[in-house]
1. For n ≥ 4 DSSP H runs only, could you compute -39500 (n - 2.57) per run for the chain, divide by its residues and tell me the 222 nm figure to the nearest 500?
2. Would you be so kind as to identify which of S380, A205, Y117 lies farthest towards the positive end of the dipole of the chain, taking Lys and Arg as +1 and Asp and Glu as -1 on Cβ and the Cα centre as origin?
3. Between M60 and residues 5 or more places away or on another chain, which pairs have amide H atoms under 5 Å apart, with H built 1.01 Å from N, and which residues are they?
4. Using only Cα atoms, locate the centre of region 159-233 and the centre of region 270-287, then give the distance between them in Å, rounded to an integer.
5. Can you give me the % of accessible surface on region 73-135 that is carbon or sulfur? Probe 1.4 Å, all protein chains present, nothing else counted.
6. For the charge dipole of the chain, defined by +1 on Lys and Arg C-beta atoms and -1 on Asp and Glu C-beta atoms about the Cα centroid, which residue among A397, W328, I51 has the Cα displaced farthest towards the positive pole?
7. Among T279, T178, T148, which one shows the biggest mean-square fluctuation in a GNM of the chain, springs joining Cα atoms closer than 10 Å?
8. Taking the Cα centre of region 301-403 as origin, sum charge times position over the Cβ atoms of Lys and Arg (+1) and Asp and Glu (-1), and report the length of that vector in debye to the nearest 20.
Amino acid sequence: MKKYILALTAAATLLGACEVDDKYYGKEVVDPAEKLKPAYGEDWTAHADKIDEKLIENFMNTDRGTFWYTDQDRTNESTYCYWPQAHAMDVLIDAYLRIPEGDARRDTYAGYMSKWYDNKGNNYGNSYWGTYGFGNAYTDDSEWIILTLIRMYEATGVQKYLDAARKTYEETVIARWTDDENGGGIRWSFDAENSKNACSNGPGALCAMRLWANSPEGAERDQYLADAKKIYNWLSSTLYNPLTGAVSDNMKNGVINGGALTYNQGTFMGAAHELYKATGDAKYMTDAARAARYTMKSMVTNGVLNNEGSGDNALFKGIFVRYAMNVWKDASVDKADAGLRREIEEFLIYNGLVCWRDGVDKSEGSKWFFGGFWGEPGSSWDGRLNEQVSASTMIEAMALLIE
């Protein structure tokens, strides 16, 4: 309750009625404290526990520790469901880190991580599996798996997770950097030589930074930082617009294509933030803040993150939420941008409230499926992993935002 009082007092002090019309709660001029107030009456730890339970119940093959594309693999489409495995497991890692020592669920979730690793995160057969079996023709698929392997290591201390992440990065990420008419960059897939995408370079820089953070002093650690800077410098000088904070989708044959997506906004912001933490250079947080504010102001419907589509796109909002949370948790960000963390907190709390209140049917007998837009309930019968994981990521974040 103390946090509730402090948060609302700060919001009222910092945001007078004449200043809130450009905030993230629709076009009406309102006091942000009133919009956020209902969120503080909810038990978000209990809500997160419930959402995790439904994710496992409806979408997890508990024998393998991997996830189905649709509830109980209803459509038999799970064979090629690879990169979503990383984000689904990330939700359980969030839960593992949140749940107190001594709770039996920690052992259960650690067991799922082990099974997930043993079954290669549901990687499908091709010639790019690499030494540990986690490589894939699509570079960003490998990158997301790497990032989750690193988080599994950080959570449990199991060394093989980090070893697999390092080798997979070497074989299927940095090896796909090429110098061409695009000026460099990591290619989107093994055979897409001239397509350099935000989705392969933002997560690539994140992989390098998380490996840097988990490596001892020495040449290998220095190389990870050098890789991250190289990847980020290419991304920020080509696809990122410093005037608006928007990140374009890709550059192919020297031509920039595609508009901003929350996936790319989130990973660009996340990479910039990691480089800021490592170097202390405020220019990185300037970039991160612009990307964050563009997303929060321009990629919303009445203050709620947009529905960007089904399929892969349904996962994108969750990616932005995860890396916005990383910024929010880092108090050192205040040195570079005094207002950013507060803005992120208000934005995420409002989105989490709408997601929980309006985004899922919680009636008796419901399977609790979320949809692509958090302002309305998901289908009562058609459950999709990607939509579920984005919402689950948001609700897990709420358990930290409001303790």
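The values are calculated or read from the model by the stated rules, or taken from the named source; none is laboratory data. All values derive from a computational prediction rather than experimental measurement. FYI the Cβ positions are ideal-geometry reconstructions off the backbone, even for glycines, and counts take in every protein chain you see. Please note that ligands, DNA and RNA were not included when accessible areas were found on the heavy atoms of the full protein model with its side chains. Shrake-Rupley method; radii C 1.70, N 1.55, O 1.52, S 1.80 Å.
1. Numbers: 15 runs with 222 residues, N = 403.
Calculated mean residue ellipticity at 222 nm is -18000 deg cm²/dmol.
2. A205
3. Here W68 satisfy the definition.
4. After rounding, the separation between the Cα centres reads 17 Å.
5. Details: 1300 of 2720 Å².
It is 48 percent, rounded to a whole number.
6. W328
7. Top of the fluctuation ranking is T279.
8. Numbers: 10 positive and 16 negative charges, 27 e Å.
Dipole magnitude for region 301-403 comes out near 120 debye.
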